[in-house]
1. In terms of solvent-accessible area of protein heavy atoms at a 1.4 angstrom probe, what is the ranking of A:Asp135, B:Asp414, highest value first?
2. Express the carbon and sulfur contribution to the solvent-accessible surface of chain A as a percent, rounded to the nearest whole number, probe 1.4 angstrom.
3. What percentage of the solvent-accessible surface of chain B, computed with a 1.4 Å probe over protein heavy atoms, is contributed by carbon and sulfur atoms?
4. When the dipole is taken about the Cα centre of region A:1-147, and only Lys, Arg (+1) and Asp, Glu (-1) are charged at their Cβ, what size is it in debye, to the nearest 20?
5. Along the charge dipole of the protein assembly as shown, Cβ charges K/R +1 and D/E -1, which of B:Thr319, A:Gln516, A:Tyr506 sits furthest on the positive end?
6. Give me the one-decimal Kirkwood hydrodynamic radius in Å for region A:472-532, with the sum taken over alpha-carbon pairs.
7. With an 8 Å Cα cut-off and a minimum separation of 6 or more residues, compute the relative contact order for region A:204-304 in percent.
8. In region B:194-214, which residues become less accessible by 40 Å² or more once every protein chain is in place, relative to the chain on its own, using a 1.4 Å probe?
Amino acid sequence: MIGRRAYGTRLAGQKFKLLPEYKLRCGLEIHTQLCTANKLFSASTNSPFAAADKPNYHTSYFDVSLPGTQPLFNHEVLLLATKLSIALNCDVNLNSQFDRKHYFYGDQPLGYQITQHYSPFASNGFLRLRSIFDDIDQDSKIIEIQQLQIEQDTGKSVYKEQDSKSLIDFNRSNVPLIEMVTRPDFTDLKQIRSFLKKYQNLVRHLGVSTGDLETGAMRVDVNISVNDYARVELKNLPNTSSIFNAIKFEYQRHVDIIRNGDAEETLTHSQTRGWNGSSTVKLRSKETTIDYRYMPDPELPRITLAEDFVPGVSQLMPELPDQVLERLMSAPYSLSLKDAKILTINSNSHDQLYTQHQLQQFYLDTFKMYQQQAGESFNHKLPTNWIIHELLGNMNKLEIYLEKVVEILPPEEFSNLLMFIHEGKVSKASAKLLLFHILNSFKESNFKSTSSLDLSSLIKEFELDAIEVVPQEDLRQICQGIIDDLGDDNMIKGIISGKKKNSLKYLVGQGMRLSQGRIKPHLFESTFKDILGVKW
Amino acid sequence: MSIKAALKRLSRLPSAQERFNIFTSISLNVNNELETSSGPLKGLLFGIKDNIVTKDMPTTCGSKILLDYKSPFDATVVDLLKKAGAVAVGKTNLDEFGMGSGGVHSHFGPTFNPLYKDGNFIAGGSSSGSAAAVAADVVDFSLGTDTGGSVRLPAAYTSILGFKPSYGRISRHGVVAYAQSLDTVGIMSKDLNVLQRVFRVLDKYDPKDPTSLNNSLRSEASKHLVHRNTLKIGVPMEMNQDVVPFEIRQALLKVIESLMAAGHEILPVSLPSVKNALPIYYTLAPAEAVSNLARYDGIRYGYRDEKQDIEDGTLFVPTRRNFGSEVQNRIVLGNYNLCSGSFKNNYIKAQKLRVELINQFDDVFRLPNILTGNEGNPNGVDMLLSLASMSLPISVQDYKSKDMRNPLHSYINDIFTMPMSLAGLPTLTIPAGNNMKGIGVQLSGQYGSDQSILNAARTLV
């Protein structure tokens, strides 16, 4: 207990650092719930998270293992498993089988889990991390995938400590999972972080899983060893911070043991440890290890795939995220990595107003139309700025879903808006007002105003069009007013003398603000120079 | 069958139940159902082995662990029979979870053999109650399950017909698993016509059963039937041992004589792998059994220890202690065969030997095997004839004391029935003759040739 506390305080006080003489090696085991309509071996609805407030709602007789029930394989799983296997560069096994893994637990109703032990679904794959996309210290790092196996999820135990009872919810029982096992190829934390992000995005991108850690749709176990001593398996890591805190803690624990000369005694047998929020704790060691007594399932047929199944699924595969990023970062789009990621990297799915797929499609369609309209003079930054920055900003402010936006501003209309800006017919400031107005009034109409949008008349109606010709007298009046309001003689003197040339820009900015950008900046500049008698 | 005849059968039930302990539960609706029944099996009464689930009667598997368990659904076989007009009389006693060959290992006590009016003789197991119900003329037919001989041995001991169809012919959906790779629903009756009619109703593909024989293989099988008036019948030499009592061997000879008299050709065949059947069976079946029994933790249904779920740090010990002794033996045996240290040497080896045995059967038969794809042997036999048991029924007391001295003693009872289970072959047990009480012979055919077996049996019955 004392020892544990000591690690805790040290970690809290110091910044974590890998020490060169203590080499870290990690492997990951990731369980991913597949978002099929039905469960793995029954026709029950697969929706464990949505039905969390209705325990045991999505359960068939098989899901609770009634006597006389039998598993019926849901072939929908094959498509998702094959997509993921292809994306992870795995060899798909054309003749895999289901095995039973035996252990007792209250939320495991069969007394065993149906999994794939002897002949898993796919193996020998890899995922490549690259410094340009994935924020790792190496140029490139290959993480080898040992295998992918299809298996059942268990039910869920809910502990009621006050009356020392545990309740069991079988909504999750028999939900399809893919367990993915990597080789112990990770040598630092950045690699692990970027692999997790990349894998999570991949399953979302492929539509294989929601990939959410917080709902348990994705669960991560970590194998860790230091200087090739026996490995420790870390389990019960419910979120990203616990994953990394547990690894840091465990690394430090190993280093201390090795430093103290206790490694030969303490680190020769593998162990399973959990994370309690502040330290890792022993769950199982050699003496209490479980013999799972794996056995081929005697009634489930083998999964046999036709020769042309995998090539067929390859045809259905979307472009993978790295390829999409590469394409978006090169001409004609030439996006920054950050902007390209906004269009590509899927975040948590429930609290977002758009999917990456929708946004990317909107961007690409708008870009294409704008490019056609603008011809050679097109500015690749215009769609980026106006979609990724302005539109998304407004959507968030107004809480409008992208699928609503396209009802009023489909790509062709958005492209028209870009053309007004492109041709200088509206200033940026006016265009911002216009965009906000369009979205806001559409929302206020309860998304019912279906009359087609006429940008030109809107611009006229709100007098947002750029003023090409301003009477010189009006202009002088506005500029003089700005100088008077400023009341800063030092600045004015500086401008006149040429010592504070930049301050002239400040004055021009004030003019732009006053005219809401409708008057071109060069008109203000020449008028200020004229009034002040600037010679430079 | 007329309602009058059915009611007459039914009237025998109370005394038969009292004398032979046949049923674990009895239906109270029989009279009503008889009046409204219609269909090809109208008016036929039947018993259901109590490891086949039913909605309106409990399903106990003869075990304390499932005491009073009531299934929310009917097994496919029960459903099909009800729809065809047959009326269930009750659930029949059995060796717990189908594990046993004497019919003595039940939480409800042993079933006694109705053939022996004096003394308490075993009816054979594990479908003991199903056999006794037919033998006592309480029902027209019964459903049993046969994993290593559990329909055929009690049929022989009670001198009735016991049919184990090809594996996968009859749905297992709703049959509580003992060892799925072997479990087969069987039909028991005294009347071959009734048995055939029942089989016709049950012989259907069931999408709810992952091991159900699919329709394309069924139609493939129907192309390979035996169309001969005189058959070539093989007698496996390995299944005619000197240890078998003289009178039983005599019974087989008599059957052979009558077959030859009818013009059939009888010849000896060799199936050397038959000697491996017992070790293969007792490696695979308990392994599957221990796995299938793992669900009985008392949490969702069935018996649960009132006080605690954990003992000495192990989950569910207090509840699972309520399995009977024979089930516990097989749990230990199954776990031993599955543990990582012995899996390769035992389980995998047994699977290989099982394939070897099937190949030997395929070498002997003239018909091809539609499952293995093995071609038929042009000089092969149409069917095989063998004894169903190597001993006569003994008293329950003798059986129990022999078992006590050596738990393996009763394992040998199934030695002649196991090879067909391991190969999934259709096999019918036929009483050896009027004066040979408790002795049966088996007629077996190539996988899928069920119809040919039933047709050929007409010569013998």
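1. Working: A:Asp135 100, B:Asp414 10 Å².
Descending order: A:Asp135, B:Asp414.
2. Working: 12850 of 25780 Å².
Carbon and sulfur: 50 percent of the exposed surface of chain A.
3. Values: 8810 of 16950 Å².
The value for chain B is 52 percent carbon and sulfur by accessible area.
4. Working: 15 positive and 13 negative charges, 124 e Å.
Charge dipole of region A:1-147: 600 debye, to the nearest 20.
5. So the residue furthest toward the plus end is B:Thr319.
6. Working: mean 1/r = 0.0877 Å⁻¹.
By the Kirkwood definition, the hydrodynamic radius is 11.4 Å.
7. Working: 119 pairs, mean separation 21.9, N = 101.
Taking the mean separation of contacting Cα pairs over the length of region A:204-304, I get 22 percent.
8. Residues of region B:194-214 that lose at least 40 Å² of accessible area once the other chains are added: B:Pro210.
The values are calculated or read from the model by the stated rules, or taken from the named source; none is laboratory data. All figures in this text were calculated on a predicted structure; none of them were measured in a lab. Neighbour counts are summed over all protein chains in view; Cβ atoms, including those assigned to glycine, are modelled from backbone coordinates with ideal geometry. Please note that ligands, DNA and RNA were not included when accessible areas were found on the heavy atoms of the full protein model with its side chains. Shrake-Rupley method; radii C 1.70, N 1.55, O 1.52, S 1.80 Å.
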